[in-house]
Amino acid sequence: MRGLAPYAVRSLRARPARTGLTLAGIALGVAVLLAGLATNGGIEASIDRTVALLVGRADLRIEAFTEQGLSARTVAAIEQTPGVAVVAPAITRRTYLTPTAGRPDLAPPVDVVGIDPDVESRVRDLVLARGSPLLEADEAVALITDRLAREDGIDLGSDLTLLGVGEPVRVRVVGILEGDGPIIGSAGRTVIVPILTADRLQSRTGGGDGVDDGGLPPLEGTPEGASPSAESASPTAPGPATPDAVAGVPATGISRVDVVLASGADPVAVTDAIESALVFEPYILERPADVAAGLRASTSDFRATTGLLAAVALFAGAFLIANTLAMTVVERIRELGLLRAAGATRAQILRLVTVQAVALGIVGSLIGVVGGSLLSLAIVSSLRSIGSVPVDRPDLSAAVLAVAFAAGLAVTVLAAIDPARRAAAVSPVEALRVRGAGRGRVATRILWLVAVLGLVAVVGSLALPAGKPPEGSGRSLAVYALLLAAVLAAPVVLVPLGGVAGSLFRPLLRLEERLARAAIARDRGRSSITVGALIVGLAMIVALGAVATNARGAATAWLDDVVPGDEVLTAIAPVPLDEASPEVDLEAIDGVVRASPIATFNLAHSGQRLTGAALVGADLADDGRLRFVAGDRNDALAALDAGGVAIVPRGVADRLGLVLDDVLALPASDGSLTELRVVGIVERSLPAAGGDAVIVGWPAALGWFGVRGADAFAIRYAPGAPAGARTAVEAIATERALTVNPIARVEGALTTALDRVFGLFDLLAFAAVIVAALGIVNTLSMDVWERVREIGVLRATGMTRRQVWRVVVVEAGILGIVAVVVGVIAGLGVAALLIVTAGGSVRGVPFELPWPTLALAVVLGVGLAMLAAAWPARIASRIEIAQAVRSE
């Protein structure tokens with residue numbers, strides 16, 4: 001029998017409303033999948049661009065480990081290493097520009113990069129939009145980024161004054177760079193000057209102000225895992241004699257040295273030779289792959305969640321497709337029986353339904369590709385950056401578009417397998433029946449669910465981040481398993497939970513409630529599929545809400561537990577703690593109890609990179625800061641100020657296997673090995689790359705680890721402090737180039753950043769809920785069609801149109817309540833899984849139920865379900881009695 005393909009398409013066109021709903025479901029699923037793939041692909045491409053921008057053509061990077069920076073002796077030793085072709089030293093500093101004509105107020109800080117013009121071009125390309133490049137190592141000239149020029153009204157020939165530790169440094173702008181410059185985390189506010197000019201900024205302070213190429217200002221923290229692996233030089237015997245000075249290179253204070261190897265040089269051999277030569281001062285050695293790995297680690301959780309939500313939306317779309325095609329089969333059982341009687345084979349009937357699925361899949365996926373492209377552009381525009389990775393555009397390559405289209409088509413065809421099989425099983429005898437038996441077994445539907453979820457899990461893995469660690473992939477698979485368990489539980493709990501849900505309607509709508517529950521039980525398989533789609537969407541919304549709530553608590557807990565003040569003044573360079581320290585002037589203000597200095601710096605233990613934090617133990621004791629889980633609080637904080645001890649956060653103690661009274665062997669700034677006794681283990685300390693910071697006292701920080709001064713001051717006001725106290729503090733801060741950060745503002749900034757990310761996730765999860773709501777429309781429409789004669793009989797016995805309408809709406813309400821109960825339980829389970837496997841980032845923060853999100857889940861689950869029932873209910877209520885009684 002020929003011509004079934006055109007007939008299949010005409011059949012879809014004959015039911016435009018249902019076909020439109022199905023196309024919308026497919027399009028939404030594909031759009032969210034494509035948005036996830038394109039966003040993750042854009043992040044991956046941004047990481048590659050960022051690495052290329054940071055390291056250029058360098059094969060190795062040696063970074064300063066202490067605040068003194070690297071010395072000219074280190075540069076000379078690297079230059080003399082066999083296999084090294086280019087050595088490019090650089091100084092990086094964060095400072096302020098004095099007010100300019102274009103911006104008379106004190107603008108946000110800028111990052112200054114000092115380079116050697118003679119060798120920098122052999123490492124990276126600084127593309128000029130206009131102007132001329134730097135030529136000499138000691139010229140008083142500068143290149144600035146295009147964004148800085150626009151924001152501050154600076155142009156070629158403008159004079160800039162850079163605030164330094166000593167005298168301000170004045171430079172003239174000779175070139176404007178394209179883009180945001182070679183530093184991430186600077187918000188495009190970068191000034192590039194000759195290296196000897198940059199050396200004048202640091203004067204007597206040395207190098208290393210706590211801000212590196214990918215860093216953030218002190219106390220802002222960095223994403224866990226963002227810091228690549230580091231190696232500290234062993235403090236052993238001195239190496240071969242090397243010059244103490246290099247022409248055109250500062251004697252000390254160098255932030256980093258980029259190294260390009262000679263053609264044919266063995267990277268491993270050169271690395272070993274550099275490590276053997278640099279034994280006279282500590283350093284950090286990185287490769288481009290290490291930098292890329294660190295950036296990927298900092299974005300992996302975001303990309304994994306995006307991929308998971310994309311797969312969930314596509315999964316919900318598969319429910320809708322299966323329901324639509326199942327409805328078509330049941331509606332046309334008599335018609336299919338006649339086709340079989342006229343000579344159509346089972347294979348032809350199978351192809352008939354398959355052609356319909358392919359047509360729906362092609363059109364829906366095409367619409368989804370267009371919608372997903374627009375959605376990915378909106379997502380990237382909203383994000384702007386993930387961690388320290390700027391994201392400027394999604395990956396909308398032909399390969400990504402093809403994968404999303406193929407995935408939508410594949411899931412559509414797979415969703416059609418069960419309806420197609422049932423259609424092919426129709427025998428010619430069905431044509432003689434009044435109404436065919438269109439219901440399938442629940443077990444068959446469950447097997448279909450397992451198959452679809454398996455494919456979706458594979459499709460979702462396409463959106464997972466490249467290079468994601470095995471435990472991250474396992475976490476995603478565990479989430480899939482929990483969602484699958486929730487969906488498979490739907491047929492089991494549908495009837496008993498439906499009875500409980502029906503009791504909410506029973507007091508006022510007894511008849512309608514009974515008829516609604518009977519309709520649900522009549523085809524438990526189809527009802528379970530509909531509820532299952534809604535469960536998946538609601539579970540992800542609840543899970544994300546719970547994770548977001550607890551992430552906010554974890555992100556801000558250190559503000560209450562560690563920082564001994566009401567606001568923090570951050571410095572652009574270490575502030576020496578001498579008689580000229582602002583600490584003295586700040587504490588002299590009426591209403592200021594104390595100005596507690598804080599510094600962060602690098603540490604190394606057994607080849608692992610750690611962060612140290614210098615704090616005043618007495619201030620922590622007076623302010624009630626730090627939650628101890630081991631050790632005596634008073635003794636530990638008193639010993640901190642005496643020196644020779646450390647207080648370790650629980651996460652670091654667990655990772656290093658440390659217990660109370662253990663000894664930490666740490667390289668000091670002079671290359672010797674110093675030992676600190678662990679006198680306390682605390683719940684958390686200041687956040688840092690790779691985990692919280694190890695706390696040491698100021699005597700140890702200044703004497704052993706080369707800390708030159710405070711990165712910040714925590715200001716504590718007396719209760720009832722005069723109104724002028726804060727004004728006086730702000731005046732001193734402005735005078736000393738300190739940035740005022742009230743604790744409430746820091747907390748608000750952290751919360752806002754988290755809200756932006758989780759708001760995006762909620763949007764993607766909401767798309768899955770919308771698809772599920774479309775499925776409810778289809779299911780209830782199917783239910784109404786199957787019960788036309790039943791509705792007619794009920795109308796003939798006295799049921800009003802309004803009662804018929806209420807039956808359908810109550811049925812949707814019962815399905816929504818069941819979905820809410822199972823979805824909330826599954827969502828909290830998923831949230832607990834994600835939080836427990838988050839690497840201890842929320843350790844010590846009690847699990848908090850996201851009550852607003854739970855309320856939203858109830859409103860969405862029940863409200864959307866009943867709203868979706870409005871159209872099928874209207875159809876049911878308008879059925880004429882005579883027409884219904886005659887209906888087959």
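Note on LEU849/ALA342: beta-carbon distance plugged into 1/(1 + (r/R0)^6) with R0 of 56 Å gives a FRET efficiency of 0.40. Farthest towards the positive end of the charge dipole of the stretch 492-565, among the residues GLY537, LEU504, TRP558, is the Cα of LEU504, using unit charges on the Cβ of Lys, Arg, Asp and Glu. How would you classify the stretch 248-382 from its alpha-carbon gyration tensor, with a ≥ b ≥ c the square roots of the eigenvalues: rounded for a/c under 1.5, else prolate if a/b is greater than b/c, otherwise oblate? Note, shape of the stretch 248-382 comes out prolate. Length gained on full extension, ALA832 to ASP632, computed as 0.36 nm times the residue gap minus the Cα-Cα distance: 68.8 nm. So how far apart, in nm, are the two label points at ARG393 and ALA251 if each is 7 Å from Cα heading toward Cβ? In this crude label model, ARG393 to ALA251 measures out at 4.9 nm. The amide H of VAL645, built 1.01 Å from its N in the peptide plane, has ARG677, GLY697 as neighbours under 5 Å, considering only residues 5 or more places off or on other chains.
Per-residue Karplus couplings for the stretch 390-399, computed as 6.51 cos²θ - 1.76 cosθ + 1.60 with θ equal to phi - 60°, are listed in order as x, 10, 9, 7, x, 8, 10, 6, 4, 5 Hz, Gly and Pro entered as x. So how much accessible area does PHE280 have, in Å² to the nearest 10, using a 1.4 Å probe? For PHE280, the solvent-accessible surface is approximately 40 Å². Per-residue Karplus couplings for the stretch 872-882, computed as 6.51 cos²θ - 1.76 cosθ + 1.60 with θ equal to phi - 60°, are listed in order as x, 5, 5, 4, 4, 6, 9, 5, 6, 4, 5 Hz, Gly and Pro entered as x.
Under a model in which nothing but the beta-carbon of Lys, Arg (+1) and Asp, Glu (-1) is charged, the stretch 256-385 shows a dipole of about 1260 debye around its Cα centre.
For the stretch 718-870, the Cβ-based charge dipole about the Cα centre amounts to some 400 debye (Lys, Arg positive; Asp, Glu negative; other atoms uncharged).
Would you mind classifying the stretch 588-628 by shape? Square roots of the alpha carbon gyration tensor eigenvalues, ordered a ≥ b ≥ c; an a/c under 1.5 is rounded, otherwise it is prolate if a/b is larger than b/c and oblate if not. Could the numbers behind the result be given before it?
Details: a/c = 5.30, a/b = 2.18, b/c = 2.43.
Oblate shape, in that a/c is at least 1.5 and b/c is the bigger or equal ratio.
Grab the beta carbon distance between ASP654 and SER121, set R0 = 56 Å, and tell me the FRET efficiency rounded to 0.05.
0.75
Residue-wise, which Karplus ³J(HN,Hα) couplings in Hz belong to the stretch 268-284, taking 6.51 cos²θ - 1.76 cosθ + 1.60, θ = phi - 60°, and x for glycine or proline? Once rounded to whole Hz, the list reads 5, 5, 5, 4, 4, 5, 5, 5, 6, 7, 8, 10, 9, 7, x, 7, 10. Distance from the alpha carbon centroid of the stretch 525-576 to that of the stretch 734-813 works out to 21 angstrom.
Mind ranking ARG124, ARG287, ARG726 by accessible surface for me, highest first, 1.4 Å probe? Numbers along the way, then the final one.
Numbers: ARG124 15, ARG287 80, ARG726 110 Å².
Result, largest first: ARG726, ARG287, ARG124.
A simple spin-label model places the labels of GLU167 and GLU880 10.1 nm from each other, with each point 7 Å out along Cα-to-Cβ. Amide H to amide H, with H built 1.01 Å from N, ARG684 comes under 5 Å of ARG627, ARG650, counting only residues 5 or more places away or on other chains. Extension gain, ALA665 to ARG57: 0.36 nm times the residue separation minus the Cα-Cα distance gives 215.3 nm. Taking 0.36 nm per residue of sequence separation and removing the Cα-Cα distance, the VAL500/TRP785 pair yields an extension gain of 99.9 nm. Using a Förster distance of 60 Å, how high is the FRET efficiency between SER132 and ALA618, based on the Cβ-Cβ distance and rounded to 0.05? The value I calculate is 0.65. Assuming charge only on the beta carbon of Lys and Arg (+1) and of Asp and Glu (-1), the dipole of the stretch 685-757 about its Cα centre is about 120 debye to the nearest 20. The solvent-accessible area of ILE184, taken with every protein chain present and a 1.4 Å probe, is close to 10 Å².
The values are calculated or read from the model by the stated rules, or taken from the named source; none is laboratory data. Note that the structure is predicted; figures quoted are calculated from it, not measured. A quick note on method: Cβ atoms are made from the backbone with ideal geometry, for glycine too, and the neighbour counts reach across all protein chains shown. Quick note on the areas: whole protein, heavy atoms, side chains included, nothing else; ligands and nucleic acids left out. Shrake-Rupley method; radii C 1.70, N 1.55, O 1.52, S 1.80 Å.
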